[in-house]
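K.L.:
Would you mind keeping the following structure in view while I ask a few things?
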Amino acid sequence: VLAVFSTEIVGLFTEELLNLLSSLAGQLALAVKLVEEREARENETRKKEAALLKNAAVTHEMEIAKQIQLSLLPENPPNIQGVQIASMSVSADHVGGDYYDFFVRDERIIDSVIGDVSGHNVGAALIMVEARSVLRAQINTKTSPAALLTTLNSLLIEDLSRAELFISMFYVKYDTVTQWLTFANAGHNHPLLFRNSEQSCQQLDTEGIILGITETVAFEEKSILLDPGDILLLYTDGVTETMRADGEMFGTDRLEALLIDLHEEPLQIIIDTIYREVINFSATTEITDDISIVLMRVEQTEQED
């Protein structure tokens with residue numbers, strides 16, 4: 001509103017002056033609107049810049065968390081006579097819930113474990129770190145895979161229940177001299193065992209539910225004699241449950257076929273090929289779940305008396 005008045009000049013408000021005042025009022029109104037719009041844009045820009053800075057800080061912290069988590073996984077597979085080992089782990093997000101580890105008990109016995117915490121977020125990563133710490137603390141007091149899973153469940157059940165998370169885990173113990181593999185399962189994907197003599201795969205499984213469901217769990221334990229050339233494949237469900245657009249999953253059958261076709265290749269080549277095939281199957285470069293793979297090939301060793 002532009003208010004103009006005069007108490008002295010008679011006839012001031014001619015049609016020409018009124019038109020001028022109307023034009024001036026319109027220009028002032030436009031100027032006010034432009035100033036308001038500019039201030040609004042500047043305010044929005046400041047908010048966006050603040051959000052970007054905050055997101056950058058969070059991303060930086062998550063990247064640090066990722067590096068810490070990766071540092072907790074074995075840097076290199078253990079070197080023990082009688083067995084070749086290779087492994088890999090890729091997180092769907094900055095941090096994930098997959099876990100694998102190796103424990104060399106002496107010059108002939110090696111343990112391997114693979115686990116998957118529900119979800120692939122910060123909470124899953126924290127529980128994974130706790131599970132790793134508890135397991136490493138118990139490794140020298142328990143020698144049986146079933147006993148280790150039982151102890152792990154009893155020590156983690158309270159934290160898992162509060163966090164509303166659970167862990168699937170498969171634990172194996174291998175004697176490179178006798179070539180006996182002992183294993184127990186806590187609701188994890190069934191590992192594949194390629195039998196060199198038969199040129200085929202079989203799935204390993206025992207009775208046992210996932211960790212974090214109930215305090216009292218009885219884990220079944222089994223043993224199987226391996227032969228030179230046999231390959232054990234441990235993996236998380238990010239491999240077999242990768243899905244393409246039509247809803248079909250990668251599945252165990254495809255994984256078995258790959259292991260049979262590639263069994264003569266170096267272990268790292270097998271792992272890289274499996275991962276590439278999973279990505280190609282999903283027709284995207286982004287995975288929706290964490291992927292971890294552990295391979296173990298039996299070599300010829302001299303038997304002890």
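K.L.:
Looking at ASP253, is it open to solvent by less than 60 Å² (accessible area, probe 1.4 Å) and of a type outside the set (S, T, N, Q)?
P.N.:
Working: open to solvent by less than 60 Å² (accessible area, probe 1.4 Å): no; of a type outside the set (S, T, N, Q): yes.
Criteria not met by ASP253.
K.L.:
Quick one: which of THR178, THR182 is part of a loop (DSSP other than H, G, I, E, B), β-branched (Val, Ile, Thr) and more than 24 Å from the chain's Cα centre (by Cα)?
P.N.:
Exactly one residue qualifies, and that residue is THR178.
K.L.:
Tell me the helices (runs of 4 or more DSSP H) entirely within the stretch 203-305 that contain at least 2 residues that are free of Cβ contacts under 8 Å to residues at least 60 places away in the same chain and more than 18 Å from the chain's Cα centre (by Cα). Quick ask: steps written out before the conclusion?
P.N.:
Numbers: elements: 237-240, 251-262, 267-282.
Here the list reads 251-262, 267-282.
K.L.:
Have a look at LEU149, LEU126, LEU135 and point out the one that is open to solvent by less than 40 Å² (accessible area, probe 1.4 Å), within 20 Å of the chain's Cα centre (by Cα) and of a type outside the set (Gly, Ala, Ser).
P.N.:
Of LEU149, LEU126, LEU135, the one residue that is open to solvent by less than 40 Å² (accessible area, probe 1.4 Å), within 20 Å of the chain's Cα centre (by Cα) and of a type outside the set (Gly, Ala, Ser) is LEU135.
K.L.:
Do we find a residue being open to solvent by 50 Å² or more (accessible area, probe 1.4 Å) and farther than 23 Å from ASP205 by Cβ anywhere in the stretch 227-236? So that I can check it myself, show each step before the final result.
P.N.:
The first filter runs over the stretch 227-236 and keeps only residues open to solvent by 50 Å² or more (accessible area, probe 1.4 Å), leaving 227.
Filter again for farther than 23 Å from ASP205 by Cβ, leaving none.
No, the stretch 227-236 has no match at all.
K.L.:
Still on this structure: Considering only residues of the stretch 1-13 that are under 20 Å from GLN27 (Cβ atoms) and open to solvent by less than 100 Å² (accessible area, probe 1.4 Å), which is farthest from the chain's Cα centre (by Cα)?
P.N.:
Narrowing the stretch 1-13 to residues under 20 Å from GLN27 (Cβ atoms): 1-4, 13.
Now narrow it down to the ones that are open to solvent by less than 100 Å² (accessible area, probe 1.4 Å): 2-4, 13.
Details: LEU2: 66, ALA3: 69, VAL4: 72, PHE13: 78 Å.
My answer is PHE13.
K.L.:
Right, another one. Cβ-Cβ distance below 9 Å, separation of 6 or more or different chains: which pairs start in the stretch 117-146 with a residue that is in contact (Cβ under 8 Å) with a residue 60 or more places away in the chain and closer than 17 Å to LYS173 by Cα and end on one that is among the small types (Gly, Ala, Ser) and surrounded by fewer than 18 Cβ atoms within 10 Å (Cβ to Cβ)?
P.N.:
Between residues of the stretch 117-146 that are in contact (Cβ under 8 Å) with a residue 60 or more places away in the chain and closer than 17 Å to LYS173 by Cα and residues that are among the small types (Gly, Ala, Ser) and surrounded by fewer than 18 Cβ atoms within 10 Å (Cβ to Cβ), the close pairs are ALA146/ALA218.
The values are calculated or read from the model by the stated rules, or taken from the named source; none is laboratory data. Computed from a prediction, not measured in an experiment: that's the story for all the values here. Note that we place each Cβ from the backbone using ideal geometry, even for glycine, and neighbour counts take in every protein chain shown. Just the protein is used for accessible areas: all its heavy atoms, side chains included, with ligands, DNA and RNA removed. Shrake-Rupley method; radii C 1.70, N 1.55, O 1.52, S 1.80 Å.
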